[in-house]
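Read the structure below first, then the notes.
The values are calculated or read from the model by the stated rules, or taken from the named source; none is laboratory data. Being a predicted model, the structure only gives us computed values, none of them experimental. Cβ coordinates were reconstructed from backbone atoms using ideal geometry, including for glycine residues, and neighbour counts include every protein chain displayed.
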Amino acid sequence: MSGELSIRRAEAGDYAAVRSLAEALAAHIEEPPPPLTLERYLAFYVHEHAPVHLFVALLEDRVAGLIAWILTHELYSAQAGMYISDIVVHAEARRKGVGRALMTKAKEWAADHGVTKLGWDVWKHNASAMQFYARLGATVDTEALPHLLLLTNR
């Protein structure tokens with residue numbers, strides 16, 4: 001993949017490419033394939049009031065990567081934040097500026113919407129991602145510790 005790079009909001013027609021990237025990301029972090037149905041994709045990422053913002057990177061009019069985020073707001077500081085839930089670049093498109101362009105899009109969107117900080121988690125074995133984020137100027141948050149509360153369906 002080479003050629004002109006563009007970033008746009010994900011559309012319904014991107015489903016197969018987005019699902020493929022989500023499956024690749026899950027495999028990379030040693031998780032099972034996600035049960036991402038078309039209906040769930042549309043509801044969470046594409047519809048007008050979808051809770052997750054999803055943008056795709058296009059190289060030669062093919063989806064080469066994606067970035068997804070949600071907005072957060074902290075009452076104690078009255079500041080808006082963005083949590084980047086996913087960023088993934090197709091293996092053939094790596095080292096071509098796709099990841100940087102996706103992060104730039106996220107930062108621009110954040111600035112346009114009054115967001116003051118971006119945050120994300122990195123899988124502890126993903127050294128290349130940690131190096132990438134360091135090159136962007138990101139630092140490790142040593143004050144906050146992520147917690148999980150797993151819910152089961154009844």
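Residues that are of a type outside the set (A, V, I, L, M, F, W, C) and under 16 Å from Ala27 (Cα atoms) were ranked within the range 116-127; the one that is surrounded by the most Cβ atoms within 10 Å (Cβ to Cβ) is Asn126. Here the range 111-154 is the region considered, the condition is being part of a loop (DSSP other than H, G, I, E, B) and in contact with an Asp or Glu (Cβ under 9 Å, 6 or more places away or on another chain), and the residue that is nearest to Leu5 (Cα to Cα) is Trp123.
Taking the range 60-110 as the range and being at pLDDT below 95, of a type in the set (Asp, Glu) and part of a strand (DSSP E or B) as the test, only Glu74 passes. Considering each of Val52, Val56 in turn, give the residue that is in contact with a helix residue (DSSP H, G or I) (Cβ under 6 Å, 6 or more places away or on another chain) and surrounded by fewer than 20 Cβ atoms within 10 Å (Cβ to Cβ). So the residue among Val52, Val56 that is in contact with a helix residue (DSSP H, G or I) (Cβ under 6 Å, 6 or more places away or on another chain) and surrounded by fewer than 20 Cβ atoms within 10 Å (Cβ to Cβ) is Val52.
Can you name the residue in the range 18-54 that is outside any loop (DSSP other than H, G, I, E, B) and of a type in the set (Val, Ile, Thr) and is also nearest to Ile70 (Cα to Cα) among such residues? Filtering first and then ranking leaves Val46.
Of the candidates Val89, Val98, the single residue that is touching a residue at least 12 places away in the same chain (Cβ under 8 Å) and touching a helix residue (DSSP H, G or I) at 6+ places or on another chain (Cβ under 6 Å) is Val89.
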